[in-house]
Structure formats: C-alpha cells, structure tokens
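Notes for the one structure printed next.
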Amino acid sequence: MPTAVPGDRMTASELRAGLSLAGVFGLRMLGLFLILPVFAVHAQGLEGGNNLALVGIALGAYGLSQAILQIPFGMASDRWGRKPVITIGLIVFAAGSLLAASATDIWTAIAGRVLQGAGAISSAVIALAADLTRERHRTKAMAMIGATIGFSFALSLVVAPLLYRWIGMGGLFVATAILALVSIWVLRAVVPDVPQVARRVQTVRQGAARVLAECLRQPELTRLNLGIFVLHLVQMAMFVVVPQRLIEAGLALPDHWQIYLPVVLTSFLLMLPFVLFADRRNQPKPVLMGMIGLLVVVELGLGALGHGVMALGVLMVGFFAAFNVLEALIPSLVSRISPAQSRGAAIGVFNTTQTLGLFFGGLLGGTVAGRYGADAVFGLCAGLAALWLAAVAGMHAIPKPQVNEVADLTFAIASEVDLAGLREALVCVRGVREVEVSEQERVARLKVRSGDWDEGGVKKLVTGGL
C-alpha cells in the first residue's frame, strides 16, 4: 500500500522548475547586465555620448518600458498562460538587442534599450515559478532565481570587459539577442508545464482595477516594493560612476575583471549563511535590516574612501553580498504574501517598482554625477538606503508557510487505477484542499487539512480499493 510522505523536500519536478526558470531569468538578465561595466566608458565615443544624463538614461531606459509593461504582462500571464507570454517577451527583447547593436549615436542606443525592456517577462517568470512549487519550497525556488540574477550580474562584470575588447559593444548586444533565443529553447524544452490543479474552492475572476487595488493596499507588499525600487536604483546609479572610478584608480577597462572576479566569488560565499538563516529560521526581517544597513555603510564608504583599487574591492564585496541576499530574499517574500488568485498581477506590481528603480537609477546617477560628481551619487544611494531601512523597521513578522495547518502529501498511484477522473474524485474527499495528479510520475500530490482529512478515502482512490 502506498504511504503518504510529507513534502519536506523539493520534488524532482519542483527542482527542475526552479533551476530551469532560474536559467531563463539568468540568461536574459546576463544580456541586460553585460553592458553595465563598459557602456558608460564606451558611450563617450557615440554621438551625444558626452552627456552623462543621456548615458544614464541609456543604461536605465529598459527599466522604464519594463515598468510600463510589467503589470500588463503579469495579468496577461494570469489569463493566457505563462509560457506564451514569456516567449513573446523574449522575442521583443531580442529585437531590441539587435537595434541597440546598430547604434552609432546615444539616441539609437536608448531606443534599443527601450525595446529590450518592452519584453517585460519578469513577473510572468516569477509567477510561473510560484505555480510550479509548493509554498514551503517557494523560498528555495525564488532563491534560485534571485541567486541566478546575482550571479548573472557578477558574471557580466567579469566577462564584459574581456568581451568588449574582443567583439565590441555591437557584439555584446548581438550576444544578448542570442541569449534571449536560448532562453526560449530552455522555456519550451526544459521548464515543466503547469499541472492541472483541482481546488475545492474556485477563485472568482476579478476585474483589473480590483486586482491591482488588492495588491497595492497591503502594507507589507508596499514595503517590499519600495525595497526593490531602492535596491535597483542604487545598483544602476553606482554603475554610472564605478567603472570610471576604477579607471581613475589605475585599472584599465579591459582589466576590471581582475577586481570583479575575486569580489564576486567572496560575496557569494558570504551570501549563503544569511539566505539559509532567513529560510530555515523564518527570520527574514533581521536579515533584511542587516543587509540594508550594510548597503548604507558601503555607499558611505564609497564616497569617503573609495578612491583606491583595494578600498574599492573591499567595499564592492560588501555591496555584492548585500545585493545578492536581498535579490534572493525579497521575491520569495512577495510570492508568499501575494494573493494566489492574482499572484501574476502582484508580482507585476513588484517588478514594475523594480524596473522603475533601474530607470531612475540611471537617470539620477547620470544627472547627479554630471553636476556634482561621483561622491554625490554615493551619498544619494546611502540616503535612499537609509530611508528603506526606516521603512523595514516597521514591518510585521512574515507568517510561516502553512506547514501545520495545511500539509503537503504525496501518494503513489497503483498501476491499475485509471487516472481519468481521479483528480476530481480526490478533491471531493473530506479535508482535501488541492490536488495535482502527475501522469508521468503516477503520483498524486495533495494539500490537506492536518488532522482533519479522510486518509482512508484518499488511499482507497489511489490504490483502486486494495
């Protein structure tokens, strides 16, 4: 007789979903990040590229178009499915990359970046990851995606200066288009399809205004949205001025990888204990506050001390450690707090604020640097991070995933049981809240009310009465 096993470990399907979606997200973000370490210096050779404000806009322009389209893409994925929407977005992104590759002036570069951002798939990808994982494992899946974003960012800093030397800026943009096409293949060939799930309580379709209002009026979601806005504003503003600061410290652009590589590797080692602590102890708030506090210290240090290569390296380790932890933690919290029936829209709001941060980071970083210098940019970043820290101080504790109230159980299905109609039969059993039947694995995954479900009725159905 089959036995139920608690869902303490990720299933093979969940692990595959987390890793493959992290790959999709990571390939796309690598394409976006590849220009960050080199564009501010390269732009000086473009027509109009001596205007730092326009350079900043070019760096962050894709954030504006993403901000406009994240919520529509998220809501479209709720209605028409995640994979079709993600595929369309990746095609648009590839087209923007090819336009930017042809740029000989700053305005064409801006247009290409805007079109890149119009492929606003982030909300749909994160929503798909949430669809394919159970709540208790969602933090792990989001951490995979967040860590991949951090890794892509870090990898771009290491390889972009070398690639720029070999293939130039046009080649970098062509490479981003190729990465987008590879992402489509991963999405279609590797990412699992969303299983049909039967629920005891069916959700009611809501109008767009009502869905957005539900997402916006939750204070904890608002704090997280503010946080991701500030985090990506700081990231983009910094990289308007950091490459030039390294050059002034005596490190030529093609050699920047020599500092980024050890910085990145060290920061990843520092990241892991904090992510594990937040996940296993369900203590996200102290980790959030600690990492935001570290951001404040790093930005103040960059303004006061960041003029030598060694000092820049040490401070960048702190930045990357904080960035990677926050990038892994915040999306998982959003997915836990957001309403299940409008998760795509909620994550769309979240990603809208994220990409607005990218746009305003480029805009403010370029404007402030052009008028007041790099130290003023770091001061601005420190002040915004301090405001974020104050907002998080009032955050309520995030409830634990419903492990005790609702249990995740898995049953093997006997070979003689006909799968047709099994899902609908199981969901009618007392105490069963949700059912997923995998035909390939011949298993049934159930959410049940702990201590108040008909175990005998479930076993009778999955064994054929044996």
- Task: Taking the options 286, 273, name whichever one is closer than 28 Å to residue 379 by Cβ and in a helix (DSSP H, G or I).
- Result: 286
- Note on the structure: Residue count, the stretch 88-103, condition part of a helix (DSSP H, G or I), hydroxyl-bearing (Ser, Thr, Tyr) and surrounded by fewer than 17 Cβ atoms within 10 Å (Cβ to Cβ), comes to 0
- Message: Between a residue in the stretch 319-334 that is on the phi < 0 side of the Ramachandran plot and any residue that is open to solvent by 10 Å² or more (accessible area, probe 1.4 Å) and aromatic (Phe, Trp, Tyr), which pairs come within a Cβ distance under 6 Å, given they are 6 or more apart or on different chains?
- Response: 325/274
- Which one of the conditions (1) open to solvent by 10 Å² or more (accessible area, probe 1.4 Å); (2) touching a residue at least 12 places away in the same chain (Cβ under 8 Å); (3) assigned to a helix (DSSP H, G or I); (4) over 30 Å from residue 54 (Cβ atoms) does residue 292 fail to meet, given that it meets all the rest? (1)
- Note on the structure: Here the qualifying pairs (Cβ atoms under 7 Å; residues six or more apart or on different chains; first in the stretch 163-191 and closer than 14 Å to residue 32 by Cβ; second β-branched (Val, Ile, Thr) and outside any helix (DSSP H, G or I)) come out as 172/35
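With modelled with pLDDT of 90 or more, under 22 Å from the mean Cα position of the chain (by Cα) and open to solvent by 10 Å² or more (accessible area, probe 1.4 Å) as the only criterion, which of 384, 329, 315, 380 stands out? Step through it out loud before you land on a result.
Details: 329 fails: modelled with pLDDT of 90 or more; 315 fails: under 22 Å from the mean Cα position of the chain (by Cα); 380 fails: under 22 Å from the mean Cα position of the chain (by Cα).
Result: 384 is the single residue among 384, 329, 315, 380 that is modelled with pLDDT of 90 or more, under 22 Å from the mean Cα position of the chain (by Cα) and open to solvent by 10 Å² or more (accessible area, probe 1.4 Å).
Report whether or not residue 245 is at pLDDT 85 or above, among the charged types (D, E, K, R), touching a helix residue (DSSP H, G or I) at 6+ places or on another chain (Cβ under 7 Å) and farther than 14 Å from residue 389 by Cβ. Before the answer, list the steps.
On the way: at pLDDT 85 or above: yes; among the charged types (D, E, K, R): yes; touching a helix residue (DSSP H, G or I) at 6+ places or on another chain (Cβ under 7 Å): yes; farther than 14 Å from residue 389 by Cβ: yes.
Yes, satisfied.
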- Number of the condition not met by residue 118 [criteria: (1) at pLDDT below 85; (2) under 26 Å from residue 68 (Cα atoms)]: (1)
- Message: List the residue pairs whose Cβ atoms are under 6 Å apart, where the first residue sits in the stretch 136-160 and is modelled with pLDDT of 75 or more and open to solvent by 10 Å² or more (accessible area, probe 1.4 Å), the second is of a type in the set (Gly, Ala, Ser) and assigned to a helix (DSSP H, G or I), and the two are 6 or more positions apart or on different chains.
- Response: 144/18; 144/22; 148/22; 148/26
- Item | Flag if residue 35 is surrounded by fewer than 24 Cβ atoms within 10 Å (Cβ to Cβ), in contact with a helix residue (DSSP H, G or I) (Cβ under 7 Å, 6 or more places away or on another chain) and under 27 Å from residue 245 (Cα atoms) | no
- Which one of 65, 77 is touching a residue at least 24 places away in the same chain (Cβ under 8 Å), under 30 Å from residue 316 (Cα atoms) and of a type in the set (Ser, Thr, Tyr)? 65
- Task: Output the qualifying pairs, or none if there are none: Cβ atoms under 7 angstrom, residues six or more apart or on different chains, first residue in the stretch 421-442 and more than 15 Å from residue 455 (Cβ to Cβ), second residue in a loop (DSSP other than H, G, I, E, B) and modelled with pLDDT of 80 or more.
- Result: 437/419; 439/419; 442/413
- Item | Scope the stretch 77-87; condition hydrophobic (A, V, I, L, M, F, W, C) and either open to solvent by less than 10 Å² (accessible area, probe 1.4 Å) or under 19 Å from residue 116 (Cβ atoms) (or both); matching residues | 85, 86
- Considering residues of the stretch 164-214 that are at pLDDT below 60, under 30 Å from residue 420 (Cβ atoms) and under 26 Å from the mean Cα position of the chain (by Cα) only, the residue least open to solvent (accessible area, probe 1.4 Å): 197
- Message: Against the definition (crowded, with 16+ Cβ neighbours inside 10 Å and charged (D, E, K, R)), how does residue 430 come out, yes or no?
- Response: no
- Task: Kindly indicate the residue of the stretch 305-317 that is touching a residue at least 40 places away in the same chain (Cβ under 8 Å) and in a helix (DSSP H, G or I) and also nearest to residue 272 (Cα to Cα) among those meeting that condition.
- Result: 317
- Message: Filter the stretch 365-398 down to the residues that are within 30 Å of residue 278 (Cβ to Cβ) and not small (Gly, Ala, Ser) and list them by number.
- Response: 377, 378, 380, 381, 384, 387, 388, 389, 392, 395, 396, 398
- Query: Within the set of pairs 6 or more residues apart or between chains, which connect a residue that is touching a residue at least 40 places away in the same chain (Cβ under 8 Å) and more than 15 Å from residue 175 (Cα to Cα) inside the stretch 33-46 to a residue that is in a loop (DSSP other than H, G, I, E, B) and not aliphatic (A, V, I, L, M) with Cβ atoms less than 7 Å apart?
  - Reply: 37/256; 43/49; 46/104
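Within the stretch 27-73, restricting attention to residues that are farther than 18 Å from residue 115 by Cα and either of a type in the set (Val, Ile, Thr) or within 19 Å of the chain's Cα centre (by Cα) (or both), which residue is modelled with the lowest pLDDT?
Let us first name the residues in the stretch 27-73 that are farther than 18 Å from residue 115 by Cα, namely 37-38, 40-53.
Subset that is either of a type in the set (Val, Ile, Thr) or within 19 Å of the chain's Cα centre (by Cα) (or both): 38, 41.
On the way: 38: 86, 41: 82.
Only one residue fits best here, namely 41.
The values are calculated or read from the model by the stated rules, or taken from the named source; none is laboratory data. Computed from a predicted structure; not experimentally measured. Here Cβ is always computed from backbone atoms with ideal geometry, including for glycine, and neighbour counts include all displayed protein chains. All accessible areas refer to the heavy atoms of the entire protein, side chains included, with ligands and DNA or RNA removed. Shrake-Rupley method; radii C 1.70, N 1.55, O 1.52, S 1.80 Å.
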